[in-house]
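In what follows, a structure is listed as structure tokens, so that the remarks can point back to it.
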Amino acid sequence: MDRTTQLTARRTGIVDPVRTATSPPFSGHGEIGPSRVAVYDPVRPAGSLHLRAAEVLHGNWTGTSTVPSRGLYPHQWSWDSAFIAIGLRHLSPLRAQVELETLLDAQWGDGRIPHIVFNPSVPLDAYFPSPDFWRSSTAGRAAGAPRTVQTSGIVQPPVHALAAWLVHVSDPGLSRSRSFLSRIYPRLAAWHRYLLHRRDLGGGGLASVVHPWEQGMDNAPSWDVPLSRVTPAPARSFRRADLDHGAAEDRPTDLDYGRYVRLATDYRDGEYADGTAGTSGTTGTDGFAVEDPAFNALLIASEHALARIARELGATGTARHARAERLTAALVDRLWDPAEGMFFCRDVRTDELIPERGVSGLVPLLLPTLPRDTAATLVRTMYGPHFGLGESTRLVPSYDLTGHAFDPHRYWRGPAWFNTNWLVERGLRLHGEHARAQKLRGALLETADTSGFAEYVDPYTGEACGALGFSWTAALTLDLLHEAPEAVQSTTEEFGKGAKGGDRR
């Protein structure tokens, strides 16, 4: 869908061209209707926004999972499904559980959760890289790839235990009757073990990503330096299906895409084997291994959530909380730059920080035991000239407004995304910045409303970019629409003690 079509759709109120006008609203165990939703705008009732968000998720539901969007992303994506489940819990906790269960059914034997689970009914040329590129059942055999479903071989940020806990607390009775937590806990524990042991490529305790797609912020400038060492795949060796649905000026360049393909090809041809501590984690001389602050912050948040799940199942959870605190200390030690007031990525191959300010470096605000002075500095950075929140920008941009690569429309090089802003909003609230969190919440809801639940938006104007009717935008809108007291309580419960913020020096 080009920019003109997107803006026309936004003005006319068309959210998802696949959904028919007669699509029924959600109905399922624990359904919450508009009357239970908080009003964010005194002129326009939140109920209509709630209904339209639910319709987006209905239109993108496949029967067992939710696609991010029908056109651009026609399969199941890992961290998308985690965010989607967080929103679905307000409509149907049962469907939220199924969303996560479907994803976990595709888990590999070594514990990794693949970043894409392919729908066999979708034509191969609808998305690239397609199943015949990844060859998971053959190239991934040694790593325990499933035989009955085709997946990619890389991963995405570990939001899943956090999502599972929030889904559970939305309807504990249903969760217990279905043994939801007891069935998925071993899988989530295996997923964390994989990241903490197989992906500690820098030897400092943090997980590394071996491809920009794994971190989720695919085209961020933080990857430019490590990617510059990668020889791109020949342009004739692949066809970019993403350009059929998005404007070329908004998407990664052909050069960067060629490098993405080369990295994925090398990892596949190495049978998806990970390196050991201190190595690049990939085969050949063009290895890519980066410790990213957001990826590790989400792992830590999910480790706290996994501790809560363990307690629900009768264990103490103490060891997991302690591990999360140790990981927080490692995150500060390896990725925090106090002079710049930011967390930065670390290039494992050179053992140097990559001094590019991205929203990834703000996401650690989500952590409950982050040192208070670090949290306060992050807030100042967020509201300062590099991100301009509350002054020049409506939402937190994905990249430094003053940075050399800033572009308000190009994928992860400046636009604002709903999932990262949702994470930052929770972090503000967790560390006592309630007024700022409430203002950001209002901006998110207004932008979701006016943009047609866009994939991402111009951070200055809120103009829609990418796909419309995007699932995690709709899902996180639903989460934000629910009463703030419930959200505050769930934040406290998901982290347990220490949820007011740490004082580690």
Here the qualifying pairs (Cβ atoms under 8 Å; residues six or more apart or on different chains; first in region 446-457 and in contact (Cβ under 8 Å) with a residue 12 or more places away in the chain; second outside any helix (DSSP H, G or I) and of a type in the set (S, T, N, Q)) come out as E455/S69; Y456/S398
Please name all residue pairs, on different chains or six or more residues apart, with Cβ atoms under 7 Å, provided the first residue is in region 420-431 and is more than 15 Å from W472 (Cβ to Cβ) and the second residue is of a type outside the set (A, V, I, L, M) and buried (at least 24 other Cβ atoms within 10 Å of the Cβ). L430/P368
Could you tell me which residue of region 160-179 is most open to solvent (accessible area, probe 1.4 Å), considering only residues that are over 22 Å from the mean Cα position of the chain (by Cα) and not charged (D, E, K, R)? S177
Confirm whether R380 is assigned to a helix (DSSP H, G or I), in contact with a helix residue (DSSP H, G or I) (Cβ under 6 Å, 6 or more places away or on another chain) and over 24 Å from V290 (Cα atoms). no
Kindly check whether there is at least one residue in region 256-265 that is at pLDDT 80 or above, of a type in the set (V, I, T) and open to solvent by 10 Å² or more (accessible area, probe 1.4 Å). yes
Name the single residue that is least open to solvent (accessible area, probe 1.4 Å) among those in region 456-479 being over 18 Å from the mean Cα position of the chain (by Cα) and among the charged types (D, E, K, R). D458
Region 427-455, residues that are charged (D, E, K, R) and surrounded by fewer than 24 Cβ atoms within 10 Å (Cβ to Cβ): R429, E433, R436, K439, R441, E446, D449
Scan region 192-212 and report the pairs whose first residue is basic (K, R) and open to solvent by less than 10 Å² (accessible area, probe 1.4 Å) and whose second residue is modelled with pLDDT of 95 or more and in a strand (DSSP E or B), with Cβ atoms within less than 9 Å and a gap of 6+ or a chain change. R199/S208; R199/V209
State yes or no: is S392 modelled with pLDDT of 95 or more and open to solvent by 20 Å² or more (accessible area, probe 1.4 Å)? yes
Any residue that is of a type in the set (V, I, T) and either assigned to a helix (DSSP H, G or I) or in contact with a strand residue (DSSP E or B) (Cβ under 8 Å, 6 or more places away or on another chain) (or both) - is there at least one of those in region 397-419? no
Pairs returned, first residue in region 261-274 that is farther than 19 Å from F128 by Cβ, second residue that is open to solvent by 30 Å² or more (accessible area, probe 1.4 Å) and modelled with pLDDT under 95, beta-carbon separation under 6 angstrom, 6 or more apart or interchain, are G270/T283
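Looking for whichever is acidic (D, E), under 20 Å from T420 (Cβ atoms) and free of Cβ contacts under 8 Å to residues at least 60 places away in the same chain here; the options are E352, E340. Which one fits?
Step by step, each of E352, E340 is checked, and only E340 is acidic (D, E), under 20 Å from T420 (Cβ atoms) and free of Cβ contacts under 8 Å to residues at least 60 places away in the same chain.
Based on this model, can you work out whether A329 counts as modelled with pLDDT of 95 or more, of a type in the set (G, A, S) and surrounded by 18 or more Cβ atoms within 10 Å (Cβ to Cβ)? Explain how you work it out, then say what you get.
Numbers: modelled with pLDDT of 95 or more: yes; of a type in the set (G, A, S): yes; surrounded by 18 or more Cβ atoms within 10 Å (Cβ to Cβ): no.
When the stated conditions are applied, A329 does not pass them.
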Let me spell it out: the conditions are (1) open to solvent by less than 10 Å² (accessible area, probe 1.4 Å); (2) free of Cβ contacts under 8 Å to residues at least 12 places away in the same chain, and S398 meets all of them except one. Which number is the exception? (2)
Residue count, region 90-135, condition within 18 Å of the chain's Cα centre (by Cα), open to solvent by 20 Å² or more (accessible area, probe 1.4 Å) and among the acidic types (D, E), comes to 1
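The values are calculated or read from the model by the stated rules, or taken from the named source; none is laboratory data. If you're wondering where the values come from, they're calculated on a predicted model, not measured in any experiment. Positions of Cβ are generated from backbone atoms using ideal geometry, with glycine treated the same way; all protein chains shown enter the neighbour counts. Please note that ligands, DNA and RNA were not included when accessible areas were found on the heavy atoms of the full protein model with its side chains. Shrake-Rupley method; radii C 1.70, N 1.55, O 1.52, S 1.80 Å.
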